[in-house]
Amino acid sequence: MKPSRVAGIALRQYYLYRGNFARVVPLFAWVAIDMVLWGFMTRYLNSVSPAGYDFVPALLGAVLLWDFFARVMQGVTMGFFEDVWSRNFLNVFATPLTLSEYVSGLVLTSIVTSTIGLVVMLLLSTTVFGLSFAAYGVMFVPFVLVLFLFGIALGIFSSALVLRLGPAAEWFVWPIPSLLSPFVGVFYPLSTLPEWMQWVARALPPSYVFEGVRTLVAGGEFSGATLGWGFGLAVLDIILAGLCFQWVYRYAVRTGLLARYSAESVT
């Protein structure tokens, strides 16, 4: 793997953003709206709830982490979709660029775009709504890391899904964070869920993160070993997603799908 080729994929995305302000605004606009909406909601809940319980770290912090996960996933898929929309597959893969270099470039792009969204969310939540990360302590860093890894895994898998099913399959990708949110317990304990949903939740790394957030906010101790399960699952998901993307790519090349998708209209 050559770093210059990986950087070239990321540089292409930079030129796209630099040349169109409409691409830049979504990097921070929607996360800012979410922070403002949930920030005022937590203020209202604090005003009507019994004294002593602060909804800001429990709810606003959870929204921040979940939005960060969604931005990481979309950072990968949006870079991939740019090649879908511009029908650029043949141009990209006719070069000496390897599949791992291409995917690594998408991941690098996701790191940059998701970091921008995270900075905006941190600024709004801390300066406007007084979110303090002291309740999470040093666990905030592994929380973010697990969500980042799982977001990368889902982004790669979603790209493989579109590569296999065609450009129109991108509509299967956008709802994925919303479909997962009931299972991972973003806003409520996993014990609230039916037993079969709890089994699904145990296989999803974010569920360990949000259980940890609630435990720490309530003043309890969250085991690092438990979060280690979430980290291990996230790493496993990345490996499986990479293998899936590799298999789909080879299938698309072997069957001629890659050439067909390059000429196919998104609609």
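The values are calculated or read from the model by the stated rules, or taken from the named source; none is laboratory data. Quick caveat, the model's predicted, so the values are computed rather than measured. Every residue, glycine as well, gets a Cβ built from its backbone with ideal geometry; the counts of neighbours run over all protein chains shown. Just so you know, the surface numbers come from the protein's heavy atoms only, side chains and all, with ligands and any DNA or RNA stripped out. Shrake-Rupley method; radii C 1.70, N 1.55, O 1.52, S 1.80 Å.
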Computed accessible area, D34, all protein chains, 1.4 angstrom probe, square angstrom: 50
Pairs of Cα atoms farther than 16 Å apart, region 63-141, %: 61
Net length gained if the chain between T98 and T215 were fully extended (0.36 nm per residue, minus Cα distance): 37.8 nm
Calculated [θ] (222 nm, deg cm²/dmol) that DSSP helices of n ≥ 4 give over the chain, each run adding -39,500 (n - 2.57): -25000 deg cm²/dmol
Whole-number percent relative contact order across region 3-265, with pairs defined as alpha carbons under 8 Å at least 6 apart: 25
Loop trypsin sites (Lys or Arg not before Pro), region 1-93 (other Cβ atoms within 10 Å of the site Cβ: 16 or fewer; DSSP): R87
Extension gain (nm, one decimal) between E82 and N46, 0.36 nm per residue minus Cα-Cα: 8.7 nm
Convex hull projection area averaged over all views, the chain, Cα basis, nm²: 15.5
Among Q74, V213, T98 the positive-end extreme of the charge dipole of the chain (Cβ point charges): T98
Computed over region 19-113: relative contact order in percent, which uses C-alpha pairs under 8 Å that are six or more apart: 29
Helical segments meeting 30 Å axial Cα length and Kyte-Doolittle -0.5 threshold in the chain (DSSP H): 21-48, 61-85, 99-127, 140-165, 224-255
